[in-house]
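Structure first, commentary second.
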Amino acid sequence: MEAVFSPSAKGGLRAARGLAGEGVYAFSLGLSVGDISEDRPGPVREGVLREVERSMLTVPGVAEHIREWVSSSLASLEVLLRRRAAGEPVRIWYSEQPDELCGLCWLLCQLNGQGKGGSVSMVRLPRWEERPDGVLVERLGWGDVTPREWSRFLSLEQPASSIRLRAAANRWRELQEENAPLRAVVNGRLTSVAEDFYDPFLRRELARMPEEFREAVLIGEVLGRCRLGIGDGLLAGRIEAMIAAGELESVTEAAAGEPAYRRILRKRKTV
C-alpha cells in the first residue's frame, strides 16, 4: 500500500505504477492549516478546508470536492488500517512541504495507535536534485514529480521503526494540544505559528505591485518567488485580512463562477 497527501501525487504515483496503480491512498487534508483537534477527518476538517478555499467557493463544484476530499480520506484511512492489521506493508511518500509533513506525522500517529501490523516505510523527497545534464531541479512536494520519475526515488526508502512511530505520534499530539492557526516548517521542524506567519512574504511582493493590481498576480508572485510550499487559498485568506484592516481595497469583483481572487485591488496606504 502507498500513502500520499495530495490528489496530484496520487495521480502521479498511480500512473507510475501502471496496472498496479490500485492501493494508492491520498489524504488531501491540508493539515498545516486550522483546527486539528479531530483525530480522524470529519466536519471540523471540512470546515477548515472550506475556509481555506473560501475564494474558490464561488466556482461550481468546489464545495462538493472539499466534502469528497474529507470523506475519501476517512474511507482510505479505514481501508489502510484494516489492510495493515492483516499484515500488508505501508509505504508513505512525504516531503518538507507543510501539508505533507503534517500528513506524515498524523498518519504515523494513526499507525502507532493501531499497534502491530504490517511494516511501515517512508520515502522523503529531496528538495533539490542535480540532473546529469547539469540542471538543478527544485521540487516542493510529490505533486511536482512526473510519473516516470517516481521509481528513481525508491532507493531513498527507509523503514519507520516503532521508535519513529512513537516520536511522530507524540509530536502530533503536541501540535494538537497547541492547535495553532498554522503549522510551518522552521529549520526542518514542524512548528506551530501565528496566522500571519506568511504575511511578510505577501508584503514583500505587494511592495513590487503598482497601485492597482490583480490579486491573482500577487498570489502567483508569492508562490513563484518565495517557494513556500503553501496553497493559493491560504494567501487569498491573508489578503482578505489586509482588506479588512484597510491596507487594500477591492476595485472590481470577479465574474460570476470565477475564483474571488480574479479581481483588481488597490493599495490604500504604504505597505
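The values are calculated or read from the model by the stated rules, or taken from the named source; none is laboratory data. Please read all numbers here as calculations on a predicted model, not as lab measurements. Because the Cβ atoms are built from the backbone with ideal geometry, glycine has one as well, and the counts that use them run over all protein chains shown. Heads up: the accessible areas ignore ligands, DNA and RNA and are worked out on the full protein's heavy atoms, side chains in. Shrake-Rupley method; radii C 1.70, N 1.55, O 1.52, S 1.80 Å.
For SER155 and ALA15 in one chain, what is 0.36 nm times their gap in residues minus the Cα-Cα distance, to one decimal in nm?
48.5 nm
Taking DSSP loops as anything outside H, G, I, E and B, show the longest stretch in the chain free of GluC sites (Glu not before Pro) there with at most 11 other beta carbons within 10 Å.
23-210
Around ARG262, what is the net charge, scoring Lys/Arg as +1 and Asp/Glu as -1 over all other residues with Cβ under 15 Å from its Cβ?
-4
Per the helix-only calculation at 222 nm, which mean residue ellipticity applies to the chain, given -39500 (n - 2.57) for every DSSP H run of n ≥ 4 and division by its residues, nearest 500 deg cm²/dmol?
Computed ellipticity for the chain at 222 nm equals -13500 deg cm²/dmol.
Summing +1 for each Lys or Arg and -1 for each Asp or Glu, what net charge is found among the other residues whose Cβ lies under 14 Å from the Cβ of GLY34?
That works out to -3.
Return the distance in nm (one decimal) between the two label points of a simple spin-label model at LEU136 and SER121, each offset 7 Å from Cα along Cα→Cβ.
3.1
What angle, in degrees between 0 and 90 and rounded to the nearest 10, separates the Cα long axis of helix 98-114 from the longest principal axis of the Cα atoms of the chain?
The angle comes out near 30 degrees.
Under 10 Å, Cα contacts only: if you run a Gaussian network model on the chain, which one of THR58, THR146, THR252 comes out with the highest mean-square fluctuation?
THR252
Mind grabbing the accessible area of ASP199 for me, 1.4 Å probe, Å², rounded to tens?
Counting only protein heavy atoms, the figure is 10 Å².
For helix 7-17, report the angle its Cα long axis makes with the longest principal axis of the Cα atoms of the chain; keep it between 0 and 90° and round to the nearest 10°.
The two axes meet at around 40 degrees.
Suppose R0 equals 41 Å. What FRET efficiency, 1/(1 + (r/R0)^6) with r the Cβ-Cβ distance, do ASP39 and CYS226 give to the nearest 0.05?
The calculated FRET efficiency here is 0.80.
If I model a spin label as a point 7 Å beyond the Cα along the Cα-Cβ vector, how far apart are those points for GLU177 and ARG54 in nm?
For the pair GLU177/ARG54, the computed spacing is 3.1 nm.
Which percent, nearest 5, of DSSP beta bridges in segment 64-174 are antiparallel?
Of the beta bridges lying entirely in segment 64-174, close to 50 percent run antiparallel.
Kirkwood Rh and Cα-based Rg: tell me the resulting Rg over Rh for the chain, rounded to two decimals.
With Rh from the inverse mean 1/r over Cα pairs, Rg/Rh is 0.99.
Given the Cα-Cα distance of GLU212 and ALA241 and 0.36 nm per residue of separation, how much length would full extension add, in nm?
So the chain would gain 8.7 nm between GLU212 and ALA241.
Could you report the accessible area of VAL33 in Å², rounded to 10, computed with a 1.4 Å probe on the protein chains as they sit in the structure?
20
Gain in length, ARG67 to GLU22, computed as 0.36 nm per residue apart minus the alpha-carbon separation, to one decimal in nm?
Result for the pair: 14.0 nm of gain on full extension.
Net charge within 12 Å of ALA16 by Cβ-Cβ distance, Lys/Arg positive one each and Asp/Glu negative one each, not counting ALA16 itself?
Charge balance in the 12 Å sphere: +3.
Taking the Cα centre of each part, how many Å lie between segment 219-237 and segment 120-197?
18
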